[in-house]
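**Q** Take this structure, written in structure tokens, and hold onto it; I'll ask about it next.
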């Protein structure tokens, strides 16, 4: 199954360049996910590519940071602020990355599209252009 994940443009860039190999989340999917469709949030506001999920780590924040910091694409202070008040978290290990040749405006597919706060499950495939 696939999910549509909202990611800020500066981190999308780091994912597709290979600098960022982990995507951090406070909450994770209940269903088994093998692909993430990347929605780059505003100002871009488009679906720009996808990546496969290698593994999802769930651990204490200290352990997650120790295991992933080298390829986090973020500072330790940003990591701590993001997870503020939590004891554990999730890190999605990014596998194969496929940037789309042409970004997709999700409103062309669904005029009522509202970007997910974090993620949403996808029943239909997005076809790459």
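**Q** Quick one: Cα centre-to-centre distance for the stretch 1-75 and the stretch 87-124, in angstrom?
**A** Comparing the Cα centres of the stretch 1-75 and the stretch 87-124, I get a distance of 10 Å.
**Q** Looking at the chain as a GNM with Cα springs under 10 Å, which of 113, 29, 51 has the largest mean-square fluctuation?
**A** Ranking 113, 29, 51 by mean-square fluctuation puts 113 first.
**Q** Sticking with this one: Mean-square fluctuation check for the chain, GNM, Cα pairs under 10 Å: which of 96, 87, 44 is largest?
**A** 87
**Q** From the square roots a ≥ b ≥ c of the eigenvalues of the alpha-carbon gyration tensor of the stretch 1-72, which class results: rounded (a/c under 1.5), prolate (a/b over b/c), or oblate?
**A** Oblate, because a/c is 1.5 or more while a/b does not exceed b/c.
**Q** Using a 10 angstrom cutoff on alpha carbons, build the Gaussian network for the chain and name the most mobile of 114, 21, 46.
**A** 114
**Q** Okay, next question. Just grab the label-to-label distance for residue 70 and residue 113, each label 7 Å out from Cα along the Cβ direction, in nm (one decimal).
**A** Here the modelled spin labels are 3.7 nm apart.
**Q** Right, something else. For 24, 100, what's the fewest-to-most ordering of other Cβ within 10 Å of each Cβ?
**A** Sorted ascending by nearby Cβ count, the order is 100, 24.
**Q** Still on this model: Listing 48, 36 from the residue with the fewest other Cβ atoms within 10 Å to the one with the most, what is the order?
**A** 48, 36
**Q** Report the far tail of the P(r) of the chain, meaning the percent of Cα-Cα pairs longer than 24 Å.
**A** Tail fraction, whole percent: 25.
**Q** May I pose another question? Given 0.36 nm per residue, what is the gain on full extension from residue 63 to residue 42 after removing their alpha carbon distance, in nm?
**A** 4.4 nm
**Q** State the extension gain, in nm to one decimal, for the chain segment bounded by residue 121 and residue 34, taking 0.36 nm per residue of separation less the distance between their alpha-carbons.
**A** Stretched out fully, the residue 121 to residue 34 stretch lengthens by 30.2 nm.
**Q** Could you tell me what percent of the DSSP beta bridges with both partners in the stretch 2-122 are antiparallel, to the nearest 5?
**A** Of all bridge pairs located within the stretch 2-122, approximately 80 percent are antiparallel.
**Q** Once you have a ≥ b ≥ c as the square roots of the Cα gyration tensor eigenvalues for the stretch 1-41, tell me rounded if a/c is under 1.5, and otherwise prolate or oblate according to whether a/b is larger than b/c.
**A** prolate
**Q** Using the 10 angstrom Cβ neighbour count as an exposure proxy, how do 111, 60 rank, fewest first?
**A** Going from sparsest to densest Cβ surroundings: 111, 60.
Each reported figure results from applying straightforward, stated rules to the coordinates on display, with no laboratory input. Here the structure is a predicted model, which means the values were calculated and not measured. Cβ coordinates were reconstructed from backbone atoms using ideal geometry, including for glycine residues, and neighbour counts include every protein chain displayed.
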